[in-house]
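Here the structure is laid out as structure tokens; the discussion comes afterwards.
The values are calculated or read from the model by the stated rules, or taken from the named source; none is laboratory data. These figures come from a predicted structure and were not determined experimentally. Because the Cβ atoms are built from the backbone with ideal geometry, glycine has one as well, and the counts that use them run over all protein chains shown.
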Amino acid sequence: MNRDLIIVMGGRILQMAVLLLTLRAMTTRLSPLEVGNFSLLMSIATLFIWILISPIGLYMNRHTHEWWQKGTIWINYGREGLYGIAVAAFTALALSAWQLLFHPAWAQQLVWLGPAAGLYIICALGNNTIIPAINLFGRRTSYTLLYVTSQILCLAFSWAFTGFHAAGEYWFFGQTAGFALASLIALPLFLKVSAPPLGAARQSPTDWRKGLAAIAAFCLPITITSGLTWLQFQSYRIVIGDLVSLNFLGLFFAGYAVSAGIMGAVEITAGQFFGPYFYKHVQEAEPGRQHDAWAIYMSALYPIMIVIVMVVMALARPITHLLLAPQFWQASLYVAVGAMVEGARVLGAAYGLAAHVSKRTRALLLPHGVGAASIVIFLLGGTWLFGESAVAPAMVAASLLFLVTMHWVMTRHSGTRISILGWPWVICVGIFLGALAVLQPQLAPFGNLADIGLVAAGGLAILAAFLLILRDARPSLSRFTG
């Protein structure tokens, strides 16, 4: 476990370093308006990925080890690839037709909206299927290196493409090219580690078709909840781009992206380290004990997320100064907003694993429905009445309502109690951050040096709290990590 933890933490440090460089590079190369265009492209592509691709990916994660043992993993992964190509073609055609027929104001500058989104879906599917599968087979070092390589390639291509034309579309094309090359690099290792064991019987197409009902029962509720999740955490880009301005959208997205990157790194770290153990435990445990691993996971994740949200909120100004170009420094408020919203999203996704364990994913519909309805009402109503000043409170309120509903539904669904670990360390970090808040005005004359010191202190606080919380959780975690 200690070796795995070192590998995971080292990889996350590298990932965060590339993320910092990417955010700084994007906000240096692109204007707020072009960042707004890039965010719209990503939002549209994400919609199709979440509702049509991600549910199948979750089903595959749930059954990867089973398929490997039966010798059918390549068949099933190959079918997902063909399905992804069909989704990409549908996306390109649907978006192109919609753009030609309705001429939406926010998409007028996105000339290649349909083809760009379709191509991105294919490349992102390869990257986000092949590389995570390597981790599921226990190759954490290879997974970490490949994941960071993917980030570096995306940054390199985006920087090169925007050197020709500093537009959001060109940065988006760079992300697509990086995913494509990273997928090709990872493919040989995936084929090696996923080779079915000798003597494994291959499943016939007829047997696969008989499983369509089970796939549909698992995936359809997730498809609906993914669409609702997109409404809650992505649709703000369309609303802001249409009702406020692309320039404000670029500022908001840049600040939000800082927190989203940090929270995403935490989410991936937890999934990389605990994911293989979690799914293996679920596969092998007795039916009545399958939720134990989920409850332990949530007990450790909660205090870690609270600490990170507090640190990012308290240090939003110096974080913004270090990670974003000067023309985006006024986005520090949106860094704090993003910390709260993305923290709720990560915890909500972790709650959702309880439904994945039991394969009764219909339980996710209510909390995601509440979250989607609240953001539509709060954001549309608030923006119409109060303009851009309503965006931040609307998103925070909707996210908290979503999280409370998810907690209530999932604890009742699983029949387990979540015992939050490490509360004393959360309180200690809060006191430490209060002291830093008092010091910030006095340190302002030192400029970037003060910002670096404050962010470094916050990072050390996160690391210390993480290690202490993990120490407290170790006896429980060892029950399913070994």
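If the condition is being among the aliphatic types (A, V, I, L, M), surrounded by fewer than 20 Cβ atoms within 10 Å (Cβ to Cβ) and either within 21 Å of A254 (Cβ to Cβ) or touching a strand residue (DSSP E or B) at 6+ places or on another chain (Cβ under 9 Å) (or both), then region 161-183 contributes only A166. A Cβ distance below 8 Å, combined with a sequence gap of six or more or placement on separate chains, defines the contacts here; from region 313-328, residues that are on the phi > 0 side of the Ramachandran plot and not assigned by TED's automatic domain parsing to the domain that holds V341 reach no residue that is part of a loop (DSSP other than H, G, I, E, B) and not basic (K, R). Does I121 count as farther than 16 Å from N61 by Cβ, assigned to a helix (DSSP H, G or I) and in contact (Cβ under 8 Å) with a residue 60 or more places away in the chain? Considered against the rule, which asks whether it is farther than 16 Å from N61 by Cβ, assigned to a helix (DSSP H, G or I) and in contact (Cβ under 8 Å) with a residue 60 or more places away in the chain, I121 comes out as yes.
Just to be sure before I move on: is I452 assigned to a helix (DSSP H, G or I), surrounded by 15 or more Cβ atoms within 10 Å (Cβ to Cβ) and in contact (Cβ under 8 Å) with a residue 24 or more places away in the chain in the structure I sent?
Working: assigned to a helix (DSSP H, G or I): yes; surrounded by 15 or more Cβ atoms within 10 Å (Cβ to Cβ): no; in contact (Cβ under 8 Å) with a residue 24 or more places away in the chain: yes.
So I452 fails the test.
Inspect region 264-273 for any residue being among the aromatic types (F, W, Y), modelled with pLDDT under 75, buried (at least 19 other Cβ atoms within 10 Å of the Cβ) and within 25 Å of D472 (Cα to Cα) and give the result as yes or no.
Pass one, region 264-273, residues among the aromatic types (F, W, Y): 273.
From the residues that got through so far, the ones that are modelled with pLDDT under 75 too are 273.
Adding the requirement that they be buried (at least 19 other Cβ atoms within 10 Å of the Cβ) leaves 273.
Adding the requirement that they be within 25 Å of D472 (Cα to Cα) leaves 273.
Within region 264-273 (the criterion being among the aromatic types (F, W, Y), modelled with pLDDT under 75, buried (at least 19 other Cβ atoms within 10 Å of the Cβ) and within 25 Å of D472 (Cα to Cα)), the answer is yes, since at least one residue qualifies.
Considering only region 136-210, give the helices (runs of 4 or more DSSP H) lying wholly within it that have at least 1 residues that are of a type in the set (V, I, T) and at pLDDT 85 or above.
Details: elements: 140-164, 168-193, 205-210.
Where helices (runs of 4 or more DSSP H) fall fully within region 136-210 and carry at least 1 residues being of a type in the set (V, I, T) and at pLDDT 85 or above, they are 140-164, 168-193.
The set of residues in region 393-410 being surrounded by fewer than 19 Cβ atoms within 10 Å (Cβ to Cβ), β-branched (V, I, T) and in contact (Cβ under 8 Å) with a residue 24 or more places away in the chain consists of V396 alone.
Selection of region 396-418 for residues being in a loop (DSSP other than H, G, I, E, B) and not aliphatic (A, V, I, L, M) yields G415, T416, R417.
Among the residues of region 350-385, the one identified as among the charged types (D, E, K, R), under 14 Å from R412 (Cβ atoms) and either touching a His at 6+ places or on another chain (Cβ under 9 Å) or not in a helix (DSSP H, G or I) (or both) is R360.
Residue-by-condition table, conditions (1) in the same structural domain as L40 (by TED's automatic domain parsing); (2) over 21 Å from the mean Cα position of the chain (by Cα); (3) farther than 17 Å from G57 by Cβ:
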{"residue": "A89", "(1), (2), (3)": "yes, yes, yes"}
{"residue": "H103", "(1), (2), (3)": "yes, yes, yes"}
{"residue": "I131", "(1), (2), (3)": "yes, no, no"}
{"residue": "Q151", "(1), (2), (3)": "yes, no, yes"}
{"residue": "A160", "(1), (2), (3)": "yes, yes, yes"}
{"residue": "Y170", "(1), (2), (3)": "yes, yes, yes"}
{"residue": "Q175", "(1), (2), (3)": "yes, no, yes"}
{"residue": "G178", "(1), (2), (3)": "yes, no, yes"}
{"residue": "P188", "(1), (2), (3)": "yes, yes, yes"}
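The combined condition, being assigned by TED's automatic domain parsing to the domain that holds M305, of a type outside the set (V, I, T) and surrounded by 15 or more Cβ atoms within 10 Å (Cβ to Cβ), is fulfilled by A390.
Output the residues belonging to region 419-440 that are assigned to a loop (DSSP other than H, G, I, E, B) and surrounded by fewer than 19 Cβ atoms within 10 Å (Cβ to Cβ).
S419, I420
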